[in-house]
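Remarks on the structure that follows.
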């Protein structure tokens, strides 16, 4: 808990202690800890003098603010109609077969988490996915197999 308190305090010192500081502080916690624990959200609420409900509501509204532990590599598959029309199902099936997990699950070694998310902004190069902050576009089963295998070797 001391680590969480120090992290949140440092982020509040950097970004300020106003309502407008909430999102950058939450992003900072996710960058450092990989997710927002209930302890971290409570500490943010205390530090910014907000209700825990306000912090939790903000954290759960944004899909990139994870409120559960995730794998080292978070794979986010775009679920828009553009990606769907360009073969997202084959891409998703390939990932599920390689990693032996389904949407919303994390591998037992905590290396990969597979999620679906709203538009990634790459509709013109669909289907698209992100692995952490790295975008991959114009995917097909072979291309995604090569990408995932490269991450497995890391």
TODO: Kindly give Rg over Rh for the stretch 2-61, based on alpha-carbon atoms, with the Kirkwood expression for the hydrodynamic radius.
DONE: 0.89
- [ ] Give me the angle, in degrees from 0 to 90, between the Cα long axis of helix 2-15 and the longest principal axis of the Cα atoms of the chain, rounded to the nearest 10.
- [x] 90 degrees
Open item on the list: So if I average 1/r over every pair of distinct C-alpha atoms in the stretch 73-153 and take the inverse, what Kirkwood radius in Å does that give?
Closed with: 12.2 Å
TODO: Using only Cα atoms, tell me the angle between helix 88-99 and the longest principal axis of the chain; keep it within 0 to 90° and round to the nearest 10.
DONE: 80 degrees
TODO: Show that you can apply the helix-only estimate: for the chain, add -39,500 (n - 2.57) for every DSSP H stretch of four or more residues, divide by all residues, and state [θ] at 222 nm to the nearest 500.
DONE: -15000 deg cm²/dmol
Task: Point-to-point label distance, residue 143-residue 119, nm (Cα→Cβ direction, 7 Å offset) - done: 2.0 nm
TODO: Using the number of other C-beta atoms within 10 angstrom as an exposure proxy, rank 84, 2, 66, 31 with the fewest first.
DONE: 2, 31, 84, 66
- [ ] Just need log10 I(q)/I(0) for the chain at q = 0.19 Å⁻¹, Debye formula, equal scatterers on the alpha-carbon atoms, no solvent, rounded to two decimals.
- [x] -1.05
Task: Sites residue 131 and residue 14, calculated FRET efficiency, Cβ-Cβ separation with R0 22 Å, nearest 0.05 - done: 0.20
Task: Residue-span extension gain [residue 46 to residue 109] - 0.36 nm each, minus C-alpha spacing - done: 19.3 nm
Open item on the list: I'd like the orientation of helix 141-153 relative to the chain: the angle between its Cα long axis and the longest Cα principal axis, in ° from 0 to 90, rounded to 10.
Closed with: 50 degrees
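All of the numbers you see were taken from the coordinates with simple rules; none came from a lab. Predicted model only: the values in this text are computed from it and were never measured. So basically every Cβ, Gly included, is an ideal-geometry build from the backbone, and we count neighbours across all protein chains shown.
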